[in-house]
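Bear in mind these aren't lab numbers, they're just calculated from the coordinates by the rules spelled out. These figures come from a predicted structure and were not determined experimentally. Cβ sites come from the backbone with ideal geometry, for glycine too, and all protein chains shown count toward neighbours.
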Amino acid sequence: MTVRCILALLICAVGGRAQTPEWKLVWHDEFDVTRLDPAKWVTVVGGNGFGNKELEYYTDRPQNIHLESGMLTIQAVKEDYRGTEGTVRGFTSARIHTQGKFAQTYGRFEARIKVAYGQGIWPAFWMMGDVAAGWPANGEIDIMENIGREPFTVHGTIHGPGYSGAHSIGAPFSLHDGHRFCDDFHVYAVEWERDAIRWYVDGEQYHSVTPASLPAGAKWVYDHPFYLLLNLAVGGGWPGSPDATSTFPQTMLVDFVRVYQR
């Protein structure tokens, strides 16, 4: 085990959560090796729009995803790329998840990330319910989403049966100093309990939901394991398409991902 991994068991970067008697670190990736750990992550390959009308093709090529200087680097590139299904897409990027490798019910889930920016750019750190019910009945917890035309704002959201898509339940958060999120790293986290989910940026809580937050008759579906996802999308119904102001390549850097149990 590297020195950095040992230190991760004891402390974490500013804004993160140190291991304490209250919180026990149970899963983490510090990205301080030379390639993505296949025992922890699955790299998605495909370009079907992912239900959001996204424009990119996700690849496992090093120009789209690699580890460097202790960071996970996900890069969106403007290029014509033909996937295995034969469709040519105008952008490439990367998406990874832990389904089949790691999932957990309840706890604290956090990552230290420097987001990309620009019209049509959509970085995200999120979770999906690891059950066969299908979306949105399986549940979705968006720990952090940013759309590039809103460089000063990130969003924390849940999607479930009767409150998904445009009817999801979420809240925005902006930095107090007026800086853009793409200008520096920030720690994005949720603390999830049986009847509550709370969202944090750099240790500051800005949003929470409970069963009482749901529409009348809607089901609280946050009582089973969820797995983690990281991706950098291009385009889609929410962020819109890149335009003349968008520049490429765009890079999302992830310093660590850590999961705790009480």
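Could you compute the FRET efficiency for residue 152 and residue 82, with r as their C-beta to C-beta distance and R0 at 45 Å, rounded to 0.05?
E(calc), rounded to 0.05, equals 0.75.
Would you work out if the stretch 3-261 is rounded, prolate or oblate? Take a ≥ b ≥ c from the square roots of the eigenvalues of the alpha-carbon gyration tensor; rounded if a/c is under 1.5, else prolate when a/b is larger than b/c, oblate otherwise.
It is rounded, given that a/c, with a ≥ b ≥ c, falls under 1.5.
Go ahead and estimate [θ] at 222 nm for the chain from helices alone: -39,500 (n - 2.57) per DSSP H run with n ≥ 4, summed, over the residue count, rounded to 500.
Taking each H run of at least 4 residues, the total per residue is -500 deg cm²/dmol.
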